[in-house]
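To start, the structure itself, in structure tokens.
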Amino acid sequence: MLTVARAVLPARGHVFVAGTPSTEGNAVEIVRCLLDRYPGDVVWADAPTPAYLAAVGLPYAGRVRRVAKGSLGALGRYATAEAVFFTHGLYGEPSVDRRKLTVNLWHGDGLKKTDRLFPARTLHGRPSDVVVSQTRLWGRSKVAASGLRDEDLLLTGHPRNGALLEPATAADLTALGIDPARPFVAWMPAFRSARALGTMRSFSDSDDVHADRRLAEQLAAGVVRLRGAGLQVVAKAHPFDAVARDVPGVLQVDDATLEARGVRLYSLLGASAGLISDVSSVWVDYLALDRPIGMFWPDRGAYLRGRGVEPEWLLSLLPGDDLETEADFDSFARDVLCGGAQSLGRRQATRSAIGFVATRTPGHDLLDALASRGGRFGQRVASRGPAAPGPAVRTEREDRR
């Protein structure tokens, strides 16, 4: 039905943006860039709260229109948008219309095996006009998994990576319970078991039903070593995670906390001194900072027997050492405290192997690429201010000019 509606109804002067969760970084940062360059309204499905938008420097009143994703109004705005940007499946991925642009921002590149981007989709038309990627390796995989052509891949980097270069302030860290005077490492694991969310059923990516409990137990000793070296450890669970990452000595933050405190996740990462991860896509984005990455993945075998990874040859070219023993955590702590010098070669080899795209302005680079294809994203209009009364907020990019 939406495929027909998009084909029949004329395009109006607005774009439609949808991200999951509401504060998903690619959605937030593309909205920031759109407000600077797109002359029409930005309709944002299930957008964050107005307080959060104000805290991260995005005007709510005026050109940003918040709509409930499942409402009739949202469906109508989606069908008549001249461009749609989404990070996950949206409305069953209606087929594209040649008069209206559909951009699959996606939500990260990484090792998780993905045969089809939208396995439940039954339509035969193209789900998007283009797909965005941070790497040549997984960019090509996304093109193949979504039925697009090589020329439909935009290697501009993920918009959220721009926030890595705008680190959280000392006040932001304090609000989250992090001591800004001491370095911290972030632990961001992939989910093993996903909770039911909306229309998505719960499922597991591991064949070990006790994987989450074992992760917590095995990390606890490593946390003692890291804290003994003077490092704080901050855990951020995946939005789909069925469990909280509760480990003694580890400070937990979640999406609700970040939204309530007005802190972007990738700005928090930008303030970190190192990252502990596994099969999660976050370490791919973190390569932009060129800081130490430790691979804590003690259940690798169970994950490989479950969802699996692609390509398997990359397992020998990961950007950091495995964290298995106390000595491994001690070595990682030393690397973090010296700025990552001892693991520099590992990160460089990984970046080369995956074809990592390094850019400081990925959101604007994406809009540049879309403008070259005829999109109305060339003129920067932030200096005009909101179309209706609202917070007089300037973007960081506008302030730098």
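The values are calculated or read from the model by the stated rules, or taken from the named source; none is laboratory data. Keep in mind that what you see is a predicted model, and the values were worked out from it rather than measured. Note: ideal-geometry Cβ built from the backbone for every residue, glycine included; neighbour counts use all protein chains shown.
Observations, loosely collected:
- Members of region 281-301 that are assigned to a loop (DSSP other than H, G, I, E, B) and within 15 Å of residue 161 (Cβ to Cβ): 281, 290, 291
- Some residue of region 187-201 being within 21 Å of residue 336 (Cβ to Cβ), at pLDDT 95 or above and among the aliphatic types (A, V, I, L, M): no
- Counted residues, region 6-53 - those being in a helix (DSSP H, G or I) and under 26 Å from residue 172 (Cα atoms): 16
- Only a single item in (1) assigned to a loop (DSSP other than H, G, I, E, B); (2) surrounded by fewer than 18 Cβ atoms within 10 Å (Cβ to Cβ); (3) touching a Leu at 6+ places or on another chain (Cβ under 7 Å) is not met by residue 3, and it is number (1).
- Exactly one residue out of 71, 95 is among the hydroxyl-bearing types (Ser, Thr, Tyr), surrounded by fewer than 17 Cβ atoms within 10 Å (Cβ to Cβ) and more than 26 Å from residue 280 (Cα to Cα), and it is 71.
- Residues within region 117-151 that are modelled with pLDDT under 95, within 18 Å of residue 26 (Cα to Cα) and in contact with a helix residue (DSSP H, G or I) (Cβ under 7 Å, 6 or more places away or on another chain), tallied: 1
- Residue count for region 151-176, restricted to those that are part of a helix (DSSP H, G or I) and within 22 Å of residue 136 (Cβ to Cβ): 8
- Boolean, residue 31 is at pLDDT 95 or above and in contact with an Asp or Glu (Cβ under 9 Å, 6 or more places away or on another chain): no
- Residue 269 part of a helix (DSSP H, G or I) and modelled with pLDDT of 95 or more: yes
- Criterion violated by residue 359 - all others in (1) surrounded by fewer than 20 Cβ atoms within 10 Å (Cβ to Cβ); (2) farther than 30 Å from residue 41 by Cα satisfied: (2)
- Just one of the listed residues (225, 245) is crowded, with 17+ Cβ neighbours inside 10 Å, charged (D, E, K, R) and either in the same structural domain as residue 30 (by TED's automatic domain parsing) or more than 30 Å from residue 49 (Cβ to Cβ) (or both), and it is 225.
- One residue from 25, 70, 89, 108 being more than 18 Å from the chain's Cα centre (by Cα) and of a type outside the set (D, E, K, R): 70
- Scope region 302-314; condition assigned to a helix (DSSP H, G or I) and either in contact with a strand residue (DSSP E or B) (Cβ under 7 Å, 6 or more places away or on another chain) or in contact (Cβ under 8 Å) with a residue 24 or more places away in the chain (or both); matching residues: 302, 303, 305, 314
- Residue check, residue 247 in a loop (DSSP other than H, G, I, E, B) and either at pLDDT 95 or above or within 30 Å of residue 46 (Cα to Cα) (or both): no
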